[in-house]
Every structure is written in structure tokens, then in C-alpha cells.
Amino acid sequence: MEHACLHAVTVLFLLLVGLVTLPAWGDEPAAIQRGKAVLQAAGGCSCHTDDKHSGAFLAGGRPIKTPFGTIYSTNITPAPKTGIGAWSDADFHKAMTQGIGFDGRYYFPVFPYTSFTRMTEQDIRDLKAYLFSVPPVEQTNKPPELQFPFGWRAGLVVWRWLNFRPGTFQPRSDQSMEWNRGAYLATALGHCAECHTPRNWLGGLKTTMAYAGSVDGPEGELAPNITPDEATGIGTWSVADIVWLLQTGLKPNGDDVQGLMSVVRDNGYKHLPEADLHAIAVYLRSLPPIHNKVVKKDK
């Protein structure tokens, strides 16, 4: 009798475990699809694919030039040795929101965790689900080539104290749902400010010049002023113009975007629902206009 009761309890326990875990298993394909959409909203995480040298998808190695030297993107495929295959959910969350790697070291801020920290828990989990669904590629990460003392990771303690403000995106009650969606996409996932905002001599964003353009964009490119300033920004552009650019890569004057913006559009933004692109445009049009003409520096 005792044995039968124990058996019944065991079966009941297993059934309860099955009921608890079944939704998570059943949701996995949906999580992967949602995660793919998150990746696309982040520009396809294009920096992690070295398409300049026919590199494998998300296997890293892309050289990213900065005023402080060159940093190579990391392998974010689920390869267990050289990628993120051994990472737990907590490891991934810490990397995305705190800029702390699997090995406990601080990331250099070329990885935009300063923006990703605003991501929702759901989006972070879904992104991890998608990344763990792509083919693993065992490719060793390349060390950064930075000028002294900028390659000294201990110095990042001070940098973070000055420039890093962690925390999930908080919607504004005085704005519409569309505006808040656009703000989230632009500030957290799309991390637009990371390229389109000038930086100080330590590499921190000049927040008073947010979105006003930068001459020291990633890979040494210019990042134009995308505030609604009519003379130096996109003040003459309509919401439809911004949506059109994100969909097609074409500006209102018929010129096309090039460089890294072309890559992130092709791999990411053009795949977003039109409603999301419209929300981004609404948010950008609401920014305070900043007069800042972005031109190449004289060598």
C-alpha cells in the first residue's frame, strides 16, 4: 500500500512538472520568432557579422574602428567554446544590461549595452532564444587593438561611473502609445544615439547633443544629424520620408544611405512592421532640433 501511494505521488509530481514546463517548451518556436524580430529591430546585430571578409553569420571578427583604436566584434553564435553556447539566461542578461561578460570582465562601450540596458526582460529572453537557434560557429574572438591607456579594462570602472545609467525603458504617461513604442525602438533596441550622438574625449555620449550627428561614428564613418533641425538635420523630412528611408534606404532627395547604415537597414530595419517604423519616425520628429552640421575633419 505504501509503495502504491509513493508511486501515485511520484506520477502526480511528474504530471505537475509537465504542466508547469509545457508552456515554456511549447512557446520556444514563438520565442525564436520574436527574438528574430528583436534582432532585426537592433539592426540585425550586424556588427557581429564580418561581411567585409565573408564571415559567418554572427560569428564576429568585424573590425570596428574608433578614435581609440580597433575593436573586433565577438562571436555570438551558440558555439560552446568560442561563442555564447555555454551562457545561462543570467549570463546573457548581465551582458546585455550591465556590459559584463561571461568571464566577468567589463565590455568596452563599443558594444552598446548602454542602450540595451533599457530592453525589456521578455525581449532579452527572446533574443537569446533566437541566437541559440542559429548555426554554431567555432571562431575565436580577436583581442582589441586600442591605444594606451584605453585598452586598460580597469579604467572602465571610472568610465561606467561617468557614462552608464542602467535601467529598463520607462514609458512616458504624457506621450502616446505610438510615441513610447518609437522611443523604445530607437533608444533601446535600435540604439540610434550610439552612432548619431557626438562623444567626448573619453568616448562618452554628449547627451546634450543627442542625435545631432557625429564625425566619429563606428568604422570611421560620419553619422548625420537626425534631429528635426531644418538646416542641418531632418527637419524638412516628413514621417513618411523617414519610414521610406528605413524601408528602402532612399532619402527624400533620391540619394541612398551607405556604409554601416546601409548594412543595418538591410539586415534589420527594413524587416520591421510599418507600424514600428512609423513609431520610430514619430519619435525622431518629436526630438528637440539641434543645429549641428556634420562634416569630415580636415586631416
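The values are calculated or read from the model by the stated rules, or taken from the named source; none is laboratory data. Nothing here was measured: the structure is a model prediction, and the numbers come from that model. Cβ coordinates were reconstructed from backbone atoms using ideal geometry, including for glycine residues, and neighbour counts include every protein chain displayed.
A residue that is under 24 Å from Gly44 (Cα atoms), at pLDDT 95 or above, of a type in the set (S, T, N, Q) and assigned to a helix (DSSP H, G or I) cannot be found anywhere in region 275-289.
Scanning region 221-243 for residues that are aliphatic (A, V, I, L, M) and outside any loop (DSSP other than H, G, I, E, B) gives Ala223, Val239, Ala240, Ile242, Val243. Taking the options Ile76, Ile64, Ile71, name whichever one is of a type outside the set (D, E, K, R), within 20 Å of Gly217 (Cβ to Cβ) and crowded, with 20+ Cβ neighbours inside 10 Å. Sole residue among the options that is of a type outside the set (D, E, K, R), within 20 Å of Gly217 (Cβ to Cβ) and crowded, with 20+ Cβ neighbours inside 10 Å: Ile71. Does Gly249 satisfy the criteria of being farther than 23 Å from Pro109 by Cα, without any contact (Cβ under 8 Å) to a residue 12 or more places away in the chain and of a type in the set (Gly, Ala, Ser)? When the stated conditions are applied, Gly249 does not pass them. Do the conditions hold for Leu246, that is, is it touching a Gly at 6+ places or on another chain (Cβ under 8 Å) and not in a loop (DSSP other than H, G, I, E, B)? It is false that Leu246 is touching a Gly at 6+ places or on another chain (Cβ under 8 Å) and not in a loop (DSSP other than H, G, I, E, B).
Name the single residue that is nearest to Glu121 (Cα to Cα) among those in region 65-90 being assigned to a strand (DSSP E or B) and touching a Leu at 6+ places or on another chain (Cβ under 9 Å).
This residue is Ile71.
Looking at this structure, is Arg181 of a type in the set (Lys, Arg), out of contact with any Pro (no Cβ under 7 Å at 6 or more places or on another chain) and not in a helix (DSSP H, G or I)? When the stated conditions are applied, Arg181 does not pass them. Is one or more of the residues making up region 150-162 in a loop (DSSP other than H, G, I, E, B) and exposed (fewer than 15 other Cβ atoms within 10 Å of the Cβ)? Yes, region 150-162 contains at least one residue that is in a loop (DSSP other than H, G, I, E, B) and exposed (fewer than 15 other Cβ atoms within 10 Å of the Cβ).
Conditions (1) closer than 18 Å to Ser115 by Cα; (2) within 17 Å of the chain's Cα centre (by Cα); (3) at pLDDT 95 or above, marked per residue:
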| site | (1), (2), (3) |
| --- | --- |
| Lys142 | no, no, yes |
| Ala183 | yes, yes, yes |
| Asn200 | yes, no, no |
| Lys206 | yes, no, yes |
| Met209 | yes, no, yes |
| Asp229 | no, no, yes |
| Gly233 | no, no, yes |
